[in-house]
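Structure first, commentary second.
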Amino acid sequence: MLFIAVIHERLVEKFPSHIIKTERSLGDSVVWIPKDGAKGFFSTLKADSELSFDFLVSLTAVDWLDSRETRFELVYHLMSHKTKQRLRVKIDIPEIKPEAESVTSLWSSANFLEREVFDMYGIKFEGHPDLRRILLYDEFEGHPLRKDFPVQGKQPRIQMLHPEVRNTAVDMRRASLVSINPRRASNGG
Amino acid sequence: MEANERAKKLLNVDYGLGGITQTVLESQELGDDLHSESMILNMGPTHPATHGTIRIVVELVGEKIRDAEVEVGYLHRGFEKMCETVDYNQVMPYTDRLNYVSPIINNVGFCLTIEKLLGIRVPKRAEYIRVILSEMSRISDHLTCLGASAMELNAFSVMLYLMQAREYLWELIEEVTGARLTISYCRVGGIKADLTPGFKEKTFEALKGVRKQIALSDKLLSRNRVFMDRVCNVGTMTAEEAISYGFTGPLLRASGVDYDVRKTYPYSSYEDFEFSVPLGTKGDNYDRFCVRLDEMEQSMKIIEQALNNLPDGPIEVDDPHITLPPKDQVYGSIDGMINHFELVMYGVKPPKGDVYSMVEGGNGELGFYVVSDGSGKPYKCHVRAPAFIHMGAMRKMLLGANISDLIPTFGMINMIGGECDR
């Protein structure tokens, strides 16, 4: 039996209303689920002894702009170290109020991945411990991987960084600053 | 206890001459209180030990790291946005600049993704050549990682030995691809050029040199007291933690999890070769060092097997919609001319759909998720970069460690800026 059929069988009884569609595409198993209750679905995928998807491989989004009813689509890739099976999970996210549930508590790697999706697509993750931009700076305007973001353009100028550190979770304003760059003897370089 | 409360308690002690005070402070607490103010140390974004631009801010109590903040993104060039503006073969130079220490693996990873979407498989000879050059890149990736990490721990000769070994390999890569770093060697449906005459003999000669240099470094480091004190039991990740943080590649295998894309999901004829997957036990930096050292030997075994059994035949698929026709057809026949023109103007056109495919990169699973809308350009191209995901665990590995542990831990993650920040 194909793996996707196994998943379908195991999940349909637990989440009868939760699987919109399953598909086998180019050798990959794909599942579409609704936005609400996604975290419960994921925690079942992880905890189920036969599926045990313990490894979140990647998380990204696709912007369909006007070509689909719901604009964004979150794409999760999961893998199980036990069965070595892989699964792609897709969730539609509407343009108005683009929000999804965070899965950081299930897989720690989701922390950086969700921050990247927030940075690039502006999709917010509820329950994320530290949702900030990650690859771009805080003052950046717009979300560059959205399809309506121009390829060429200019960003407003921003202020120089203070010696006191901004944009970090560590509060630095109260302490003196010691820097060990760039020519510290014990760097060996 | 909060720092504030501790300070208050300390201040409230009556040090008057009248007698012994009754406020009890344990000696440990007192010791903490004497230096209760933590110090913030900023490292990067341009720091010699962060071979790449990255910034780490650590909050220190004495020498212990109490909190850490990792800031990536200084090398962000918008790889994924740029991919959406060019056709599939034009993405190839961009992939070179992801993990620039092992560019061929990126090329192969991207090509395999598009080939999966097209439903084709390149000829056996092309697959073998891709394997040979991928493994060379993997060795050079590990050599760079180990050499740079050793140098940061003051073993400078090791750096020189290993760079010499890398030089042997890069000369071979240069001979075949015409470039050392940004090689753009693979094409959708094949590779750019065949191996040069005498490549086999030169490779066997070069591998001898590489083995010699690795043996020298092994002798200098593997049982070296100074080195071991710096890396043993440092940056430890258990198997569960490593899986939860999405580790792959040498970092995951150092924690004892047997997962290698080449073995678990063989691609590009890896099932033809015999090699083992070295595993660690503890998941500390020393295990990561040993796993990388052993993997290089396995890679050399694969290269030797592939060269000894290299099949004859074409190096590209025979499909005018995917690969350029030979020049005599372009100039001699109308079909050849039209195919050439179409391919150059509009590029390869995979069918509609999305696909995820992965290869074993130098640092872990390198995956590409490509969405095609049926046109000549990718609708979306996402890279699952191992370095980015490993950096997510940096904070966890640093908490509670000494400030001096930061350098070997960061070195063994082997963050490549181009791949991490894309």
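No lab work stands behind these numbers, since they all come straight from the coordinates. Fair warning: this is a prediction, and the values are worked out from it, not measured in the lab. Neighbour counts run over all protein chains shown; Cβ positions are idealised from the backbone, glycine included.
For the range B:162-214 and the range A:76-137, what is the centre-to-centre distance using only Cα atoms, to the nearest Å? So the two Cα centres are separated by 39 Å.
Applying D = kT/(6 pi eta Rh) to the range B:101-147, where Rh is the Kirkwood radius over alpha-carbon pairs, T corresponds to 20 °C and eta to 1.002 mPa s, the Stokes-Einstein value obtained is 188 µm²/s.
Applying 1/(1 + (r/R0)^6) with r as the Cβ-Cβ distance of B:Thr238 and A:Lys39 and R0 = 25 angstrom yields a FRET efficiency of 0.50.
If you filter the range A:36-142 for trypsin sites (Lys or Arg not before Pro), then keep DSSP loop positions with at most 15 other Cβ within 10 Å, what is left?
A:Arg68, A:Lys82, A:Lys84, A:Arg132
Using only alpha-carbon positions in chain B, the gyration tensor eigenvalues give semi-axes of 49, 25, 16 Å once each is multiplied by 5 and square-rooted (largest first). When the P(r) of the range B:109-217 is calculated, the portion above 17 Å amounts to 58% of the C-alpha pairs. Mean projected area of the convex hull spanned by the Cα atoms of the range B:362-422, taken over all viewing directions: 4.9 nm². Summarised as an ellipsoid, the range B:111-174 has semi-axes of 33, 13, 6 Å, derived from the eigenvalues of the Cα gyration tensor scaled by 5 and square-rooted, with the largest first. For the range B:208-297, the Cα-based Rg and Dmax, in that order, read 14.4, 42 Å.
What whole number of Å gives the distance from the Cα centroid of the range B:85-144 to the Cα centroid of the range B:301-338? Going from one Cα centre to the other spans 16 Å.
Using the Kyte-Doolittle scale, which helices in chain B average at least 1.0 and also have C-alpha atoms spread 15 Å or more along the helix axis, with helices defined as whole DSSP H runs?
Qualifying helices, which must be both long enough and hydrophobic enough, are B:103-118.
Compared with the direct C-alpha span, the chain from B:Lys282 to B:Tyr346 gains 17.9 nm at full extension, assuming 0.36 nm per residue.
For the range A:38-82, what D do you get in µm² per second when you plug the Kirkwood radius from alpha-carbon pairs into Stokes-Einstein at 10 °C and 1.306 mPa s? This corresponds to a translational diffusion coefficient of 133 µm²/s.
If Rh is defined by the Kirkwood formula over all Cα pairs and Rg also comes from Cα, what ratio Rg/Rh do you get for the protein assembly as shown?
1.00
A convex hull fitted to the Cα coordinates of the range B:174-257 yields 179 cubic angstrom per residue. Loop sites by DSSP among the GluC sites (Glu not before Pro) of chain B, restricted to those with at most 14 other Cβ atoms within 10 angstrom, leave B:64-273 as the longest stretch without any of them.
Check each of the trypsin sites (Lys or Arg not before Pro) in the range B:362-412 and keep only those in coil by DSSP with at most 12 other C-beta atoms within 10 angstrom; list them in order. Here no trypsin sites (Lys or Arg not before Pro) fit, given the DSSP loop and packing criteria. Counting every alpha-carbon pair across the range A:69-129, the share separated by more than 13 Å comes to 65%. Can you pull the percent of Cα pairs in the range A:1-139 with separation above 26 Å? Here the long-distance tail beyond 26 Å is 22 percent of all Cα pairs in the range A:1-139.
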